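Shown next, in structure tokens, is the structure this report addresses.
Coordinate-derived values only; no laboratory data. Please read all numbers here as calculations on a predicted model, not as lab measurements. Positions of Cβ are backbone-derived with ideal geometry, glycine not excepted, and every protein chain shown enters the neighbour counts.
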Amino acid sequence: MKAWLCETPTGVDALGWREVPTPQPGPGEVLVEIKAASLNFPDLLIVQNKYQFKPALPFVPGSEFAGVVTALGEGVTNVKLGQHVACMPGTGGFATHALAPAALCLPLPPEFPFVDAAAFVLVYGTSHHALVDRAQLKAGETVLVLGAAGGVGTSAIQIAKAMGARVIAAASNEEKCETCRQIGADATINYGKDTLATTFRDAVKAATGGKGPDVIYDPVGGEFAEPAFRSIAWRGRYLVIGFASGPIPSLPLNLTLLKGASIVGVFWGDFAKREAKANAAALTEMAGWYAQGKIKPVIDSEVPMADLKAAYARMNARAIKGKLVLVN
């Protein structure tokens, strides 16, 4: 098998596409022939030694992938040989084969495309946990999605719409705003034009009729966090998803008092481990939504696995709309 090895976590340039022995699954594990693997923001952080999870060296990055089970370890009963699966083990996906705990593999119907499956679990799991569980979003409420054209952003738009909410999507240029409108956003804010120095808060106010958003979904952090939070509605919920812009913002806590608002942390990875039954129920619900056409991953492009470094460069340049998927 071949794999992208990270032997020194100093960045993308240190990765090497190497021939390595094909592993055999241990108890509770499966070997998956990878057909598709999606690129997520944590995959960029982990090879720079900036992610909270730091695997032992050397490791193969790639948190999420889909493929076919080719070998079973002792005690595995939830999947079978030849089963199509989507897996979220955290590493191993940027390769031709990978081991994964069987408990972290979602069996798929044969008609579920591998490319969609590889782009499904992490972003939709995150957004479902955020909006359904943590925010307790209700039909008729308004959600402001920051970084709305990215992988988690596009999934948040679709899930919020599936729940009957009104969605305002904020993105950095008009092309990305158009992508958001095409998948259901009711209104958009181009914060490349409505900047902090000009009219961002005015744009949020106008889009919400002066009320402010009931829920703010923020995977970006950085300079837009505080002005967005200052715009939140009474009893609003501010969802802390991540910090794709880099800086971790400091929000004035007096704003929570003045708005009766909540700052709510969202860490889907630990939720999936600590509350496995609740996570499985969420994934089952979303599989139904997918079958009904209510949600579908936005695929920016499909790139050969051997071109991983070019894919990383596009992510670093914030040029991806939805999800970029590596294919074998």
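On average, how much area does the Cα convex hull of region 122-269 cover when viewed from any direction, in nm²? Write out the running numbers ahead of the final one.
Values: hull surface 30.6 nm².
Over all viewing directions, region 122-269 projects a mean Cα-hull area of 7.6 nm².
Think of the chain as a dipole: +1 on every Lys or Arg Cβ, -1 on every Asp or Glu Cβ, centred on the Cα centre; then among 88, 183, 196, 196 lies furthest on the positive end.
Rounded to the nearest 5, what % of the DSSP beta bridges within the chain are antiparallel ones? Walk me through the numbers on the way to the answer.
Working: 30 of 55 bridges.
The answer is about 55 percent antiparallel.
Take region 220-328, drop everything but the C-alpha atoms, weight them equally and run the Debye formula without solvent; then report log10 I(q)/I(0) at 0.14 Å⁻¹ to two decimals. Here the Debye-derived log intensity ratios amount to -0.90. Distances between every pair of Cα atoms in the chain, grouped in 20 Å steps from 0 to the bin holding the largest one, split as 33, 56, 11, 0 percent. The spacing between region 184-245 and region 260-280, judged by their C-alpha centroids, is 22 Å. Amide H contacts of residue 188: 169, each under 5 Å away and 5 or more positions distant or on a separate chain (H built 1.01 Å from N in the peptide plane; Pro and chain starts excluded). When the pairs 35/161; 54/176; 211/277; 2/54; 50/80 are compared against a 25 Å limit on Cα-Cα distance, 35/161; 54/176; 211/277; 50/80 fall above it.
Taken one residue at a time, the phi angles of region 315-324 give Karplus couplings (6.51, -1.76, 1.60, θ = phi - 60°) of 5, 5, 8, 6, 9, 9, 10, x, 10, 9 Hz. Gly and Pro are set to x.
I need the semi-axes of the equivalent ellipsoid of region 54-208: take the C-alpha gyration tensor, multiply each eigenvalue by 5, square-root it, list largest first in whole angstrom.
Working: eigenvalues 271, 59, 35 Å².
The equivalent ellipsoid of region 54-208 has semi-axes of 37, 17, 13 Å.
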